[in-house]
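Written out below as C-alpha cells is the structure these notes cover.
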Amino acid sequence: MSSPTANSSDDNTVRWYPVRIFHSSAKRQRNLQEELDKEETVVETYVPLSLIDAETGKTAPALLNYIFVRITLDNLKELKEAPKYSTLRYVMRSGRDDKYQKVSDIAYIPDHEMMNFQQVINSLNEQVEYIQNSDFAMRPGQKVKITDGTFKGVEGTLKSIKKHLCVIVALSGIMAVAITGIHRKFIVPAE
C-alpha cells in the first residue's frame, strides 16, 4: 500500500507529514524537535520513542533522520524555506526524496495510522519489536483490530513471525513495529 499524497485542494488541511533530516544525529534531531515545537504553524511534532544504544549506553530516537510534523502543506512549504530548517527534506510517496517529483507527491500519514503507531511505540512494552525488513512489513495480510489489553483499539496487519502470531503496525515506507504475544481471542477482523 502506498502512502496517501497531498494534492492542491488539500494544501490547507492539517495532517501528519513525515520529514527527513538531512545528515542527522540523535542530538541534532532532538534540537530540531525543540525548534519545531516553538513554531506557530506546527500543531505538534513527534519523535518516536527513544532507544538505548547498546554500544554507547546513550539514548537515541527509535527512528533516526525522521520527524513527524502535524501541519498544513502550505505551512510546511513555508517552513522548509527558512534557513534554520534547510536540513528538512520531504518524504515522497515513493519513499525517497527526489527534487524532480511534483509537490503533490509529498507523502502524509492519516491521523488514525499515526494514532495506532503512537499508541504502540509509546507503550514501553516488551511485546513491541521494531521490524528491520520493511518489505515484509508492507506485504498484504488480514487487517485486524485488537479488542483488549494494552493495545486495545490498535489496528494493523496479522502476520506470523517465527511461527508466532503478530500484529504489524506500519507507517508505509518509513517504519513498522510488531506486537507479539497477543492472545488470539483479542484479535478480530478490522471493519
**Request:** Express the relative contact order of the chain as a whole percentage, based on alpha carbon pairs under 8 Å and six or more residues apart in sequence.
**Result:** 23
**Prompt:** Order of S25, S160 from fewest to most other C-beta atoms within 10 Å?
**Reply:** S160, S25
**Prompt:** What longest range of the chain stays clear of loop-exposed chymotrypsin sites (Phe, Trp or Tyr not before Pro) (DSSP non-H/G/I/E/B, at most 12 other C-beta within 10 angstrom)?
**Reply:** 101-191
**Request:** Please say if region 111-189 is rounded, prolate or oblate, where rounded means a/c under 1.5 for a ≥ b ≥ c the square roots of the C-alpha gyration tensor eigenvalues, and otherwise the choice is prolate for a/b larger than b/c and oblate otherwise?
**Result:** rounded
**Request:** Mind putting a number on the dipole of region 111-189 about its Cα centre? Charges go on the C-beta only, +1 for Lys and Arg and -1 for Asp and Glu, and I need it in Debye to the nearest 20.
**Result:** 400
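Fewest first, what order do V177, V188, V128, V43 take by the number of other Cβ atoms within 10 Å? Show your work: numbers first, answer last.
Numbers: V177 24, V188 11, V128 20, V43 14.
Lowest count first: V188, V43, V128, V177.
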**Request:** Please provide three numbers in whole Å: the alpha-carbon extents of the chain along the principal axes, with the largest listed first.
**Result:** 51, 44, 28
**Request:** May I ask you to sort L73, L51 by Cβ crowding, counting other Cβ atoms within 10 Å and putting the fewest first?
**Result:** L51, L73
**Item:** Label-to-label distance, nm, for residues given as D74 and Q119 (7 Å Cα→Cβ offset)
**Value:** 3.3
**Complete:** Sorting N133, V177, I161 by the position of each Cα along the dipole of region 111-189 (Lys, Arg +1; Asp, Glu -1; all at Cβ), the one nearest the positive end of that ordering is I161
**Message:** I need the phi-derived Karplus couplings for region 35-42: 6.51 cos²θ - 1.76 cosθ + 1.60, θ = phi - 60°, integer Hz, Gly and Pro marked x.
**Reply:** 5, 5, 4, 7, 5, 5, 7, 8
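Per DSSP H run of n ≥ 4, the term is -39500 (n - 2.57); total these for the chain, divide by its residue number, and report the mean residue ellipticity at 222 nm rounded to 500 deg cm²/dmol.
Details: 4 runs with 38 residues, N = 191.
That calculation yields -5500 deg cm²/dmol at 222 nm.
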**Placed amide H near T72: partners under 5 Å, 5+ positions off or other chain** = R15
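Read-outs: derived from the displayed coordinates by stated rules, not from any lab. Source: prediction; values computed, not measured. Glycine also receives a Cβ, built like all others from the backbone with ideal geometry; neighbour counts cover every protein chain displayed.
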